[in-house]
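Down below is the structure, laid out as structure tokens.
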């Protein structure tokens, strides 16, 4: 069973950078999920898929996986490119794009 090491992205409801330095080690689902015919709930045979371990750095997560013999792969996080803008740029004389409203 492989493990994925990644840094989670912020949610749509989050504007800050509170989870920037958190790395997760999460196991991939290898067992098929089945549905309960009576209640309609889904369940898996193993409980490993629902567990995620938190680490302060990517190196700590990699060391843990190597120490315990867990095969893993790392998903690098990509920081979004932010271009600085000001409100007055909307009304600049040398505006590059036409006003579309």
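Values for this structure:
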{"read-out": "Matching option when the condition is surrounded by 10 or more Cβ atoms within 10 Å (Cβ to Cβ) and more than 16 Å from residue 22 (Cα to Cα), among 56, 66, 83", "value": "66"}
{"read-out": "Per-region count, the range 20-36, residues touching a helix residue (DSSP H, G or I) at 6+ places or on another chain (Cβ under 9 Å) and modelled with pLDDT of 75 or more", "value": "6"}
{"read-out": "Tally of residues being in a loop (DSSP other than H, G, I, E, B) and either touching a helix residue (DSSP H, G or I) at 6+ places or on another chain (Cβ under 6 Å) or surrounded by 10 or more Cβ atoms within 10 Å (Cβ to Cβ) (or both) across the range 86-101", "value": "1"}
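The values are calculated or read from the model by the stated rules, or taken from the named source; none is laboratory data. All of these numbers come straight from a predicted model, not from anything done at the bench. A quick note on method: Cβ atoms are made from the backbone with ideal geometry, for glycine too, and the neighbour counts reach across all protein chains shown.
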